[in-house]
1. Whether any residue in the stretch 18-36 is within 16 Å of the chain's Cα centre (by Cα) and either buried (at least 24 other Cβ atoms within 10 Å of the Cβ) or under 22 Å from Lys114 (Cβ atoms) (or both) is what I want to check.
2. Looking at the stretch 11-20, which of its residues are touching a residue at least 40 places away in the same chain (Cβ under 8 Å) and in contact with a helix residue (DSSP H, G or I) (Cβ under 6 Å, 6 or more places away or on another chain)?
3. Using the structure shown, decide if Asn155 is on the phi > 0 side of the Ramachandran plot, buried (at least 24 other Cβ atoms within 10 Å of the Cβ) and out of contact with any Ser or Thr (no Cβ under 8 Å at 6 or more places or on another chain).
4. Of everything in the stretch 38-52, what is among the hydrophobic types (A, V, I, L, M, F, W, C), in a helix (DSSP H, G or I) and surrounded by fewer than 19 Cβ atoms within 10 Å (Cβ to Cβ)? Give them in sequence order.
5. Is it true that some residue in the stretch 66-73 is among the charged types (D, E, K, R), at pLDDT below 95 and either closer than 19 Å to Thr176 by Cα or buried (at least 18 other Cβ atoms within 10 Å of the Cβ) (or both)?
6. Pick from the stretch 209-229 the residues that are open to solvent by less than 10 Å² (accessible area, probe 1.4 Å) and not hydroxyl-bearing (Ser, Thr, Tyr): which of them is nearest to Val108 (Cα to Cα)?
7. In the stretch 165-176, which residues are in contact (Cβ under 8 Å) with a residue 60 or more places away in the chain and open to solvent by 10 Å² or more (accessible area, probe 1.4 Å)?
8. Have a look at Thr232, Thr241, Thr255 and point out the one that is in contact (Cβ under 8 Å) with a residue 40 or more places away in the chain and either under 12 Å from Pro132 (Cα atoms) or crowded, with 16+ Cβ neighbours inside 10 Å (or both).
Amino acid sequence: MNLQEAASQLLEAEETKKVIKPLTDVYPDISVDDAYFVQLEQIRRKVEKGAVIVGKKIGATSKAIQELFQVEQPDYGHLLEDMMYVDGDTIFLDQYIQPKAEFEIAFVLKKDLKGPNVTVLDVVEATDYIVPAIEVIDSRIEDWKIRFEDTVADNGSSAGAIIGGNPTPLDGIDLTHIGMVVYKNGEFLTSAAGAAVLGNPLRAVAWLANSLGKYDVSLKAGEIVLSGALSTAVPIEENDTFTVEFGHIGSVSATFKRNSKEGSK
C-alpha cells in the first residue's frame, strides 16, 4: 500500500471536511505498524508547517469504548497546540466532521517518560499534576466505520481537548476509585470510576510510554496525556454543554456552537 498517499488522503479529509472510505477497505493488508506510520507522517507534515505537539491521547482504554468501536486494544494519537481549549470555552463545531465527546483524566508531566519498561511507579514520579478533561474525537472515515488500523492512522480519531483548571497532585488520590459524573445540558448523562481505564489510569499512561518507545517516541516533561475515556463516547450536537465533575480533582465544562466568523482555530 502507499502509506504516503494514505496520509495525504486523511489530511485532505480533515481540511475539506469530506470523509474518506475506511483505509482497511481500500488497503486490506494495512498493518498496525503501517497505520502508525501514516499517523506519524501526518504529524510530521503538520509540524513542518508550524504545528506544535503538546501531548498525546490514549484511546479505547475502557470496555465501553472498545465495544462502541469494536476494537480490542488501546491506541494513541497526538495532541497539537491548536486543538487545545480550557474550562468554560465555547467551541465551534464547524471545524469537525462527526464529533463525539469523551470524559477523562489528563496527566501533565514534569519528567520525560520513554519505554520500554516504564512502570506505574515511573508514571507517578513523572506526573506533575492531573486535571479533568473532555476530549473531542472525530473521524475522517465515513460514518465512523473504523477498525483498529483506521483509528490509529487517523491520529487516534483525535480532534480536540478541553482541560480543567484545578491542577491536583497525585498524592493521596486513589485513581482506581475516583468518581466521575457527566451532565449534558444540565441533565445527568452518565457516571463512572477511574477503574474503567485499564483498571487504573496510571496503567494507561505506562502502556502509552511503552508503546511509543517502539517507535522511538517519548513523552516529554510539560506534555499533557489524556489517559482514556471512563465511559462511552457521546455525539456532540449544536448548543450542547457538557459538564464533568470528578471527585477530588474538580470539574470541566465546554459549550459547542455552530458557525462563527472565527469558525475554528
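1. Pass one, the stretch 18-36, residues within 16 Å of the chain's Cα centre (by Cα): 36.
Next, only the ones that are either buried (at least 24 other Cβ atoms within 10 Å of the Cβ) or under 22 Å from Lys114 (Cβ atoms) (or both) stay: 36.
Scanning the stretch 18-36 turns up at least one residue that is within 16 Å of the chain's Cα centre (by Cα) and either buried (at least 24 other Cβ atoms within 10 Å of the Cβ) or under 22 Å from Lys114 (Cβ atoms) (or both).
2. Val19, Ile20
3. Values: on the phi > 0 side of the Ramachandran plot: yes; buried (at least 24 other Cβ atoms within 10 Å of the Cβ): yes; out of contact with any Ser or Thr (no Cβ under 8 Å at 6 or more places or on another chain): yes.
Judged against the criteria, Asn155 is a match.
4. Applying the first criterion (among the hydrophobic types (A, V, I, L, M, F, W, C)) to the stretch 38-52 yields 38, 40, 43, 47, 51-52.
If we keep only those that are in a helix (DSSP H, G or I) as well, we get 38, 40, 43, 47.
If the condition is that a residue be among the hydrophobic types (A, V, I, L, M, F, W, C), in a helix (DSSP H, G or I) and surrounded by fewer than 19 Cβ atoms within 10 Å (Cβ to Cβ), then Leu40, Ile43, Val47 are the ones that fit.
5. Just the residues of the stretch 66-73 that are among the charged types (D, E, K, R), to begin with: 67, 72.
If we keep only those that are at pLDDT below 95 too, we end up with 67, 72.
Next cut, either closer than 19 Å to Thr176 by Cα or buried (at least 18 other Cβ atoms within 10 Å of the Cβ) (or both) only: none.
No: the stretch 66-73 contains no residue that is among the charged types (D, E, K, R), at pLDDT below 95 and either closer than 19 Å to Thr176 by Cα or buried (at least 18 other Cβ atoms within 10 Å of the Cβ) (or both).
6. Only one residue tops the list, namely Val225.
7. Step one: of the stretch 165-176, the residues in contact (Cβ under 8 Å) with a residue 60 or more places away in the chain are 165-166, 168, 173, 175.
Once the filter is applied, which keeps residues that are in contact (Cβ under 8 Å) with a residue 60 or more places away in the chain and open to solvent by 10 Å² or more (accessible area, probe 1.4 Å), the stretch 165-176 yields Gly165, Asn166, Thr168, Ile173.
8. Values: Thr241 fails: either under 12 Å from Pro132 (Cα atoms) or crowded, with 16+ Cβ neighbours inside 10 Å (or both); Thr255 fails: either under 12 Å from Pro132 (Cα atoms) or crowded, with 16+ Cβ neighbours inside 10 Å (or both).
Thr232 is the lone residue from the list that is in contact (Cβ under 8 Å) with a residue 40 or more places away in the chain and either under 12 Å from Pro132 (Cα atoms) or crowded, with 16+ Cβ neighbours inside 10 Å (or both).
The values are calculated or read from the model by the stated rules, or taken from the named source; none is laboratory data. Bear in mind that the values here come from a model prediction, so they are computed numbers and not experimental data. Using ideal geometry, Cβ is built from the backbone for each residue, glycine included, and neighbour counts are taken over all protein chains shown. Accessible surface areas use protein heavy atoms only, side chains included; no ligands, DNA or RNA. Shrake-Rupley method; radii C 1.70, N 1.55, O 1.52, S 1.80 Å.
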